[in-house]
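Asker: The structure is given below, and queries will be raised subsequently.
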Amino acid sequence: MESYAAVLNYAIPFFMALLLLEAGIAWWKGEKVIRSMDTLSSLSSGLTNVIKDVLGLTVVVVSYDWLAGEIGLFEIKSTWLVYTLAFIGLDFAGYWVHRLSHSVNYFWNRHIIHHSSEEFNLGCALRQSVSGFVAITVFFLLPIAILGVPGEVVAVVAPLHLFAQYWYHTRLIGKMGVLEHLIVTPSHHRVHHAINKEYLDKNLSQIFIVWDKIFGTFQEELDDVPPVYGVTRPVRTWNPIIINFVHLWQLIKDAWRTKDWKAKFTIWFKPTGWRPADVKEKYPLSGIEDPYAYEKYDP
């Protein structure tokens, strides 16, 4: 936690400088990529997330140090190769945690705030959750734990891996040639944040786009399908606390209202957006049918 907080001291001013640079370039090019209230909501979300992380308000069921100590088959020194293994391992784990967040009702609540912005800019990258109460990444770090990658290496690499995901939240950078085949680029991530049916739940990788290509979730940005950003059930608020828990509150209400006792327990683990049939009929929810006909929330 100390190393994470130390890195934040340098990362936050860097993030803000890039955000201002993006705004300046957009203004110079005559484009509008930032809306004041939307960006303020993003910054507020980032602030609540930082406070939560620094205070350590997350339950760690299994620590990586304990896991590596129990199942590690090798004892390796902290060389550049070990740091590379840790980075790749974190990226592999990040892909699966991200995929789980898009696929399971309960876990979507910890990720909805990041997608709730109807813009796509560097401010959007700062929309991070405070509702991820239980850390699950460690369960997907089994491969590097077995290899014996030390916990102190993971502690150093983890914030760097997280902060390396900031730069590609922008509309100002087009496709990047050969890099499109290797790493996650702004083009890839625009697809990920879009609600067009062609783009939903695609490009879940965090640094290396190869995971999407291996596991079948890759989608190229199409010239004839401009991305529309947000979530299919718009949150329509700037309040970061409401956005963080809007999906969880809906799940609680649906679980309470349904007469199907099995559904009261299974709703949490069903695919994202699933609702019991009786509740869906009695309490319908509206969503975006045509992304291009949707009017953005902008009071």
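Bear in mind these aren't lab numbers, they're just calculated from the coordinates by the rules spelled out. Given the structure is predicted, the values throughout are model-derived calculations rather than measurements. Note that each Cβ is placed from the backbone with ideal geometry, even for glycine, and that neighbours are counted across all protein chains shown.
Asker: Take the chain, connect every pair of alpha-carbon atoms lying under 10 Å apart with a spring to form a Gaussian network, then pick out the residue of Pro150, Pro186, Pro276 with the largest mean-square fluctuation.
Answerer: Pro276
Asker: For the chain, with a Gaussian network of springs between Cα atoms less than 10 Å apart, report the residue from Phe120, Phe92, Phe14 with the top mean-square fluctuation.
Answerer: For the chain, modelled as a Gaussian network with Cα springs under 10 Å, the answer is Phe14.
Asker: Follow-up. Set Lys and Arg Cβ to +1 and Asp and Glu Cβ to -1, take the dipole of the chain about its Cα centre, and tell me which of Leu285, Ser101, Trp167 lies farthest positive.
Answerer: Leu285
Asker: Taking amide hydrogens as modeled 1.01 Å from N in the peptide plane, which residues meet the under 5 Å criterion relative to Ile183, leaving out close sequence neighbours?
Answerer: For Ile183, whose amide H was placed from the backbone, the distant partners under 5 Å are Ile209.
Asker: For Lys175, list the lysines whose Cα falls under 23 Å from its own Cα; do not include residues on the same chain fewer than 8 positions away.
Answerer: Qualifying lysines at Cα under 23 Å: Lys29, Lys32, Lys197, Lys202, Lys213.
Asker: When the Karplus curve 6.51 cos²θ - 1.76 cosθ + 1.60 is applied with θ = phi - 60°, which whole-Hz ³J(HN,Hα) does each residue of segment 169-174 get, with x for Gly and Pro?
Answerer: With coefficients 6.51, -1.76 and 1.60, one gets 8, 8, 9, 8, 10, x Hz.
Asker: Say a site is exposed when it is one of the trypsin sites (Lys or Arg not before Pro), sits in a DSSP loop, and has at most 15 other Cβ atoms within 10 Å; what is then the longest site-free stretch of the chain?
Answerer: Segment 78-174 is the longest.
Asker: To the nearest 500 deg cm²/dmol, what mean residue ellipticity at 222 nm is calculated for the chain from DSSP H runs of n ≥ 4 alone, each contributing -39,500 (n - 2.57), summed and divided by the residues?
Answerer: The helix contribution divided over the chain gives -15500 deg cm²/dmol.
Asker: Oh, and also: Among all stretches of the chain without exposed GluC sites (Glu not before Pro) (DSSP loop, at most 10 other Cβ atoms within 10 Å), which one is longest?
Answerer: The segment 76-288 is the longest one with no such site.
Asker: State the label only: which of [x] 58, 58, 37; [y] 66, 47, 35; [z] 104, 33, 28 corresponds to Cα extents along the principal axes in Å computed from the shown model?
Answerer: This structure yields the entry labelled [x].
Asker: Now for a separate question. Take the alpha carbon atoms of segment 112-184, find their center, do the same for segment 200-223, and report the distance between the two centers in whole angstrom.
Answerer: So the separation of the two Cα centres works out to 14 Å.
Asker: Considering the chain as a Gaussian network with a 10 Å cut-off on Cα pairs, which listed residue, Ala255, Ala93, Ala194, attains the greatest mean-square fluctuation?
Answerer: Ala255
Asker: Lysines near Lys262 by alpha-carbon distance under 21 Å, same-chain residues fewer than 8 away left out - which ones?
Answerer: Here the lysines satisfying the reach criterion relative to Lys262 are Lys253, Lys270, Lys280, Lys282.
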